[in-house]
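Structure, as structure tokens:
The values are calculated or read from the model by the stated rules, or taken from the named source; none is laboratory data. The model shown is predicted, which means the values in this text are computed figures rather than measured ones. Backbone-built Cβ (ideal geometry, glycine too); neighbour counts: all protein chains shown.
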Amino acid sequence: MKPILNIAGLNAFIAGQQVIEDVSFSVPATGITALLGRNGVGKTSTIKAIIGLIGRTGTVELDGQRIEKEETHRIIRRGVGYVPEDREVFSKLTVAENLKLAERDAHPRRQLVEELFPDLVKRSGQLAGTLSGGQQQMVSLARALLNENKVLLIDEPTKGLAPKIVQEVADTLAQAAATVPILLVEQNLQVVRQLADGAVVLSGGRVAHTADSAADFLADEDLTRRLLGVHDDGAGAAAPAAGSGAGEPAPEVAR
Ligand SMILES: Nc1ncnc2c1ncn2[C@@H]1O[C@H](COP(=O)(O)OP(=O)(O)O)[C@@H](O)[C@H]1O
Ligand SMILES: [Mg+2]
């Protein structure tokens, strides 16, 4: 099957500094591909480079079409959904208003979103800034799912969430992946094990490993220790310490 994203020789720069170098990989047209690596290796930069949020060279093909010369808004309109690392909900707007603002298509998939996020339906009148971190993550995911996208780029959706909420987000991602292919940055290896089909591992801004099976990669103790600094024993003990506080409102984002 043709990949939905094909990235070749991608270099990206922030403030004149090169942050990723010669990154090449492809994202299959179905399922979840995990983008892994220690902090600071260039995962977020890779995603931002794909959609042109930071300067880049190299080639990016979306569904067989070159998009690397296009501006971000055009790339997004071609059907790339982006769920940023810090969620970026509009804190002074209600849940319903946040979702309304995200509607890009003539026929937004409101029914799908209502089925996937019943809690958001209940909270539609609540200001997004007063939601918990997990609920804000759901708003961020819901916004991306409202539109008919060819691929979703999702950056650390479970970061800082309590274990129970992590599982809720993971379950939602699994359901979402049945409708759209996903490139997922995720540090929680239990979540990766549960969700990911393939995996791409970055180290020092370069691709250090590519695996058709994320589970095979995670089972390789030497490799995971070297590339991630931890080994996932399958029981979750090796998952990086996630922050707690998912039950409390997240700090307000100034918009
Ligand atoms: N706004 C920024 N200004 C300067 N350097 C940055 C900025 N954002 C990221 N970097 C640098 O780019 C590199 C890759 O960062 P990033 O893509 O955020 O890594 P990851 O998402 O894997 O943690 C790091 O060395 C980081 O210090
Ligand atoms: Mg990051």
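Within the option set A211, A177, A144, being among the small types (G, A, S), surrounded by fewer than 24 Cβ atoms within 10 Å (Cβ to Cβ), over 17 Å from A34 (Cβ atoms) and in contact with a strand residue (DSSP E or B) (Cβ under 8 Å, 6 or more places away or on another chain) holds for one residue only, A144. Within region 42-71, being among the polar types (S, T, N, Q), out of contact with any Lys or Arg (no Cβ under 9 Å at 6 or more places or on another chain) and more than 11 Å from ligand 1 (Cβ to nearest atom) holds for one residue alone: T57. Within region 125-137, the set of residues being surrounded by 14 or more Cβ atoms within 10 Å (Cβ to Cβ) and closer than 17 Å to L101 by Cα comprises Q126, L127, A128, G129, Q136, Q137. For beta carbons closer than 7 Å, sequence separation of 6+ or different chains, a first residue in region 3-27 that is farther than 14 Å from S203 by Cβ and of a type in the set (D, E) and a second that is modelled with pLDDT under 95 and within 16 Å of ligand 1 (Cβ to nearest atom), there are no qualifying pairs. Of T59, T30, T46, all but one fail to be closer than 29 Å to N188 by Cα, surrounded by fewer than 24 Cβ atoms within 10 Å (Cβ to Cβ) and among the β-branched types (V, I, T); the exception is T30. Only one of the numbered conditions (1) assigned to a strand (DSSP E or B); (2) touching a Pro at 6+ places or on another chain (Cβ under 7 Å) is violated by G81, and that is (2).
The residue that is farthest from A144 (Cα to Cα), counting only those in region 72-89 that are of a type in the set (D, E, K, R) and away from ligand 2 (no atom under 16 Å from the Cβ), is R74.
Any residue in region 150-163 that is modelled with pLDDT under 95, more than 23 Å from L5 (Cβ to Cβ), more than 16 Å from ligand 2 (Cβ to nearest atom) and not in a helix (DSSP H, G or I)? For region 150-163, residues modelled with pLDDT under 95, more than 23 Å from L5 (Cβ to Cβ), more than 16 Å from ligand 2 (Cβ to nearest atom) and not in a helix (DSSP H, G or I): present. Within the set V113, V139, V89, V121, the sole residue that is hydrophobic (A, V, I, L, M, F, W, C), in a loop (DSSP other than H, G, I, E, B) and either touching a Pro at 6+ places or on another chain (Cβ under 9 Å) or away from ligand 1 (no atom under 16 Å from the Cβ) (or both) turns out to be V89.
Within region 32-41, can one find any residue that is in a loop (DSSP other than H, G, I, E, B) and either away from ligand 1 (no atom under 11 Å from the Cβ) or on the phi > 0 side of the Ramachandran plot (or both)? Within region 32-41 (the criterion being in a loop (DSSP other than H, G, I, E, B) and either away from ligand 1 (no atom under 11 Å from the Cβ) or on the phi > 0 side of the Ramachandran plot (or both)), the answer is yes, since at least one residue qualifies.
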